[in-house]
Amino acid sequence: MANAIHEERRKQKQKDLKRKKKAARRRLILALVLLAAFVCFIFGIVKLFSSDVFHDEEEFITFADEKFETDAVCPESDVDDREYHFNEDGTSYAIKRGNWVDGDTKSYIDKKIDSILKKENSSMALLIDAGAYEAPNGAVSTVVHFSTYNADGRHMKIESAKADTKLFDGETGKGADSLQVMNVNYKTKAQDYAEEYFSKTYSDKDLKDDWERFVTSDDTNFNKFVITEDQIAFFFDQDTVLIPEDGTPAVSIPQTIIGSTIRPEILERYVDKSKPMVALTFDDGPYSKTEMKILDTLEENGGVATFFYLGNRVKNDYKSAKRAVKLGCELGNHSWSHPVMSQLDNKEIASQINKTNAVIYKYCGVEPVVARPPYGEYNDKVLKRTGMAQILWSLDTMDWKTRDAEKSFKAVKKAKNLDGKIILMHSIYKESAEATELIVPWLKDNGYQLVTVSELIKYKTGKPPQAGKVYKKVN
């Protein structure tokens, strides 16, 4: 009997102990919940009354550093070089420089930063994040991202954001087009990844209603990117995929996913015969003083042109001609001394052509396969005796007459479909060189590939230029 009573008391004590433990746990959980609520309340109050609007240099540096970390769109790099410029009365700006590559890429980035600093002077803060990255195939890509901020109440609001990218051949320093570095299917893989990334990463309130159209694999998308050792980072314009307040969207795709679309080696040039192409042609050179400027524009934009040279000018001025050949441009025959070829006899026609071909080959290392008769004048005798394809033109910019860069540019812009067209200009006028600086980027931005005359004929007809045939446009 005593044992039974003792056992009953023991069990009761165990029950009492369990009840006390449960009660203690409940009190602890309640205390933690109340503490969390209090912390959230305090955090909310702090956030409500906090401000990131800066008033002095120290606050500006804090603001800039925070934005460089939280709003970063450029891939990380081994270098983090920062400078800060506080201005009480105007734009304060900060620059964060990442990896540097010597030579052309560094020079390009410096010029881009200088250009931004000159233009963006109406905001309260300007932040610039720049860097250069080397790809496994030797391509070097640069990005210069800038964003402007202004005070909106107690907080700094982003006003504008933009990323500019550029590709270079790391060995030669030449500018490169995306399809010289990437295979043609890279946009398809990028689209698949980006669609999933944005839909899973951002809420509907952050995504634009029509955001999907900015991540499709068409010509206008996935053209801004940098390639690092382990990823490709694609940049999108503000107010495309995301709402403007979210700045410049970016997505980084691991090379384990997209790496197969990177070419093993950089192509010297790439032409997609399924896409629009146009041939810029320049007469009456060589003339290095102006042609070097034309070639600078072509090189920067990954384009080429055809230069129709006068033989009697080559010996004394072939520096630009040799550079043109190096860049992949074509040299054509424009006679020896610019006569009206149709008024010459057979012997004189042959002399004008043969002497010019010989001097171009001697000093430039290439022999022309196309010719342009001065003034566009030809007859059956010229076609037979030259033994070369005769190249006329679809569009005359009248640069030789107007000597006005803007008018030459307008002549190109107002023309309708330029696919397969041959544009006539002259390389001996400074205004024509200035017009080229406007025309070439415009053609590129509007989806045209800049090709030589021979390339245009080959890709449009399936055959190289045919001797004795006249070409005005190629469809």
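Only the coordinates and a few stated rules stand behind these numbers; no lab work does. From a predicted model like this one, the values you see are computed outputs, not experimental measurements. Methodologically, a virtual Cβ is constructed for each residue, glycine included, from the backbone with ideal geometry; neighbour enumeration extends over all protein chains shown.
Expressed in units of 2.2 N^0.38 Å, where N is the residue count, the Cα radius of gyration of the chain is 1.43. Amide H contacts of Tyr309: Gly332, Asn333, His334, each under 5 Å away and 5 or more positions distant or on a separate chain (H built 1.01 Å from N in the peptide plane; Pro and chain starts excluded). The 3J(HN,Hα) values that the Karplus relation (6.51, -1.76, 1.60; θ = phi - 60°) gives for the range 252-260 are, in residue order, 9, 10, x, 5, 5, 9, 10, x, 5 Hz. Gly and Pro appear as x.
I'd like the antiparallel share, as a percent to the nearest 5, of DSSP beta bridges with both residues in the chain. Of all bridge pairs located within the chain, approximately 60 percent are antiparallel. In sequence order, the range 459-474 has phi-based couplings of 6, 8, 10, x, 9, x, x, 9, 4, x, 9, 9, 10, 10, 8, 10 Hz under the Karplus curve 6.51 cos²θ - 1.76 cosθ + 1.60, θ = phi - 60°, and Gly or Pro positions carry x.
Both radii are taken from the alpha-carbon atoms of the range 57-261; with Rh as the Kirkwood radius, Rg/Rh is 0.97. Here the Karplus relation 6.51 cos²θ - 1.76 cosθ + 1.60, evaluated at θ = phi - 60°, turns the backbone of the range 408-417 into coupling constants of 5, 4, 5, 4, 6, 5, 7, 5, 7, 2 Hz, with x for every Gly and Pro.
Counting neighbouring beta carbons within 10 Å and listing from fewest to most, the residues Arg385, Arg27 come out as Arg27, Arg385.
Axis angle, to the nearest 10 degrees, between helix 57-70 and the longest C-alpha principal axis of the chain: 80 degrees. For the chain, the longest principal axis of the C-alpha atoms and the axis of helix 186-201 are separated by about 20°.
For Leu280, what is the net charge nearby, where nearby means another residue's Cβ is under 11 Å from its Cβ and Lys, Arg count +1, Asp, Glu -1? Computed value for this residue: 0. Counted by neighbouring Cβ atoms within 10 Å, the residues Leu35, Leu298, Leu280 run from fewest to most as Leu35, Leu298, Leu280.
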